[in-house]
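I have placed the structure first, in the form of structure tokens, so that the comments after it can refer back to it.
The values are calculated or read from the model by the stated rules, or taken from the named source; none is laboratory data. Note that the structure is predicted; figures quoted are calculated from it, not measured. Every residue, glycine among them, receives a Cβ derived from its backbone with ideal geometry; neighbour counts consider all protein chains shown. For accessibility, only protein heavy atoms count, side chains too; no ligands or nucleic acids. Shrake-Rupley method; radii C 1.70, N 1.55, O 1.52, S 1.80 Å.
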Amino acid sequence: MAYINDEVFDQGLDYADANGTRVDICSQEPTSYSAATSTFTLGNKTTLNTGSTQAGATDGRRVIVPAITDGSVTATGTATHWALTNGSDTLIATGALTASQAVTSGNAFTLDAISLTIRDAA
């Protein structure tokens, strides 16, 4: 069985924890900072405080982006993905929403907590 020390995982997750300050809801999965915050964004929440690196729910290590209750919707459309960025130039992580959500510009959006998990080596 392969082995990787938790500290290897923690370094990457610590980066997400220290630098992940903005979450956007997007109309499709972005592959760059610009796509996440300009091309596909339907709204965002800034000034996030992610939790510290911890044991994963099943195995591995994780960082939790807290639930959002007051995100700002900036465009009307259907949100299908989320994107975590540093708020200035780097896309850190993306993922699909549990269910797509129709949003209307000027409203607020909510989002469940997001677990950024790196699973143990198998």
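Counting just the residues of the stretch 67-103 that are open to solvent by less than 70 Å² (accessible area, probe 1.4 Å) and part of a loop (DSSP other than H, G, I, E, B), which one comes out farthest from ASP14 (Cα to Cα)?
By that ranking, first place goes to ALA75.
Pick from THR47, THR37, THR21: which is of a type in the set (Ser, Thr, Tyr) and in contact with an Asp or Glu (Cβ under 9 Å, 6 or more places away or on another chain)?
The match here is THR37.
Any idea how many residues of the stretch 11-35 are more than 17 Å from SER88 (Cβ to Cβ), open to solvent by less than 20 Å² (accessible area, probe 1.4 Å) and not aliphatic (A, V, I, L, M)?
The total comes to 1.
Across the stretch 36-66, which residue is modelled with the lowest pLDDT among those that are part of a loop (DSSP other than H, G, I, E, B) and open to solvent by 30 Å² or more (accessible area, probe 1.4 Å)?
Out of the qualifying residues, it is ASN49.
Confirm whether ALA122 is open to solvent by 60 Å² or more (accessible area, probe 1.4 Å) and assigned to a strand (DSSP E or B). Don't jump to the end; show me each part of the working.
On the way: open to solvent by 60 Å² or more (accessible area, probe 1.4 Å): yes; assigned to a strand (DSSP E or B): no.
For ALA122, the condition - open to solvent by 60 Å² or more (accessible area, probe 1.4 Å) and assigned to a strand (DSSP E or B) - is not met.
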